[in-house]
1. Tally the residues that are of a type outside the set (Gly, Ala, Ser) and in a loop (DSSP other than H, G, I, E, B), restricting the search to region 70-127.
2. Given the conditions (1) β-branched (Val, Ile, Thr); (2) loosely packed, with under 15 Cβ neighbours inside 10 Å; (3) more than 14 Å from the chain's Cα centre (by Cα), and given that residue 143 satisfies all but one, which numbered condition is not satisfied?
3. Could you grab the pairs with beta carbons closer than 6 Å, sequence gap of 6+ or different chains, first residue in region 31-52 and free of Cβ contacts under 8 Å to residues at least 60 places away in the same chain, second one assigned to a loop (DSSP other than H, G, I, E, B) and among the aromatic types (Phe, Trp, Tyr)?
4. Against the definition (farther than 22 Å from residue 29 by Cα and crowded, with 21+ Cβ neighbours inside 10 Å), how does residue 164 come out, yes or no?
5. Hey, among the residues in region 146-178 that are part of a strand (DSSP E or B) and more than 19 Å from residue 12 (Cα to Cα), which one's nearest to the chain's Cα centre (by Cα)?
6. I need the full set of residues from region 62-117 which are of a type in the set (A, V, I, L, M), farther than 25 Å from residue 44 by Cβ and touching a Cys at 6+ places or on another chain (Cβ under 9 Å), in order please.
7. For the subset of region 1-50 comprising residues that are touching a His at 6+ places or on another chain (Cβ under 9 Å) and outside any strand (DSSP E or B), which member is surrounded by the fewest Cβ atoms within 10 Å (Cβ to Cβ)?
8. So is residue 73 surrounded by 13 or more Cβ atoms within 10 Å (Cβ to Cβ) and either touching a strand residue (DSSP E or B) at 6+ places or on another chain (Cβ under 9 Å) or more than 25 Å from residue 113 (Cβ to Cβ) (or both) or not?
Amino acid sequence: MSNIVLYANGPQQLIYYPDFFNRSFFDELEKELPWQQNEIRVFGKLHREPRLTCWFGPAYKYSSIQWPDTEFSPLANELKERLQQTFDFPFNAALGNYYRSGDDSMGWHSDDEPEMDRSLIASVTFGGTRTFRFRNKNTGATISQELHDRSLLLMVHMQDDWQHALPKSKRKNAPRINLTFRRLK
């Protein structure tokens, strides 16, 4: 299993595995997962999230979205088990994001809620290729990486000093499903 170290500075690392999975699970995830479009509060106004999402794991809240305690779907659990066995890390939650086209996006943020173990987040991608971006909160330095079908991106100790985003794209993008596995304390 080959990988590319995109960034390494002390404990902080971005590690990309371009072919982590031997096949795409896009079609199964699209059908199996309970996708929904939530409303989020931005600067006091409610807006529809610019993507579809779903949640697995203990109750969790970010922005103005409250997810209840939700059991993993069979396929999401299978993916979680593979990651746990490979990296010996006790993932117990996953946020699913379904980007239907280049119009769907996610703005700059860090996954740094108090209940989040920020030491490791594993981000898997199935479907279309999109450019994922990182920005250092202190220096403004940026990193960009195209995430391809069947890939894995490990974010190790990145949440305190870095933000990440999936900006809109003017290119005609195939639909993309991303699951970010994490551990809630």
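The values are calculated or read from the model by the stated rules, or taken from the named source; none is laboratory data. Since the structure is predicted, the reported quantities are computational estimates derived from the model, not experimental observations. Cβ atoms come from the backbone with ideal geometry, glycine included; neighbour counts cover every protein chain shown.
1. 15
2. Of (1) β-branched (Val, Ile, Thr); (2) loosely packed, with under 15 Cβ neighbours inside 10 Å; (3) more than 14 Å from the chain's Cα centre (by Cα), only one is false for residue 143: (2).
3. Every condition considered, the pairs that remain are 52/35.
4. Details: farther than 22 Å from residue 29 by Cα: yes; crowded, with 21+ Cβ neighbours inside 10 Å: yes.
Yes; evaluated as a whole, the condition is true for this residue.
5. Ranking the qualifying residues of region 146-178, first place goes to 178.
6. Residues satisfying the conditions are 76, 94.
7. Here the residue is 10.
8. When the stated conditions are applied, residue 73 passes them.
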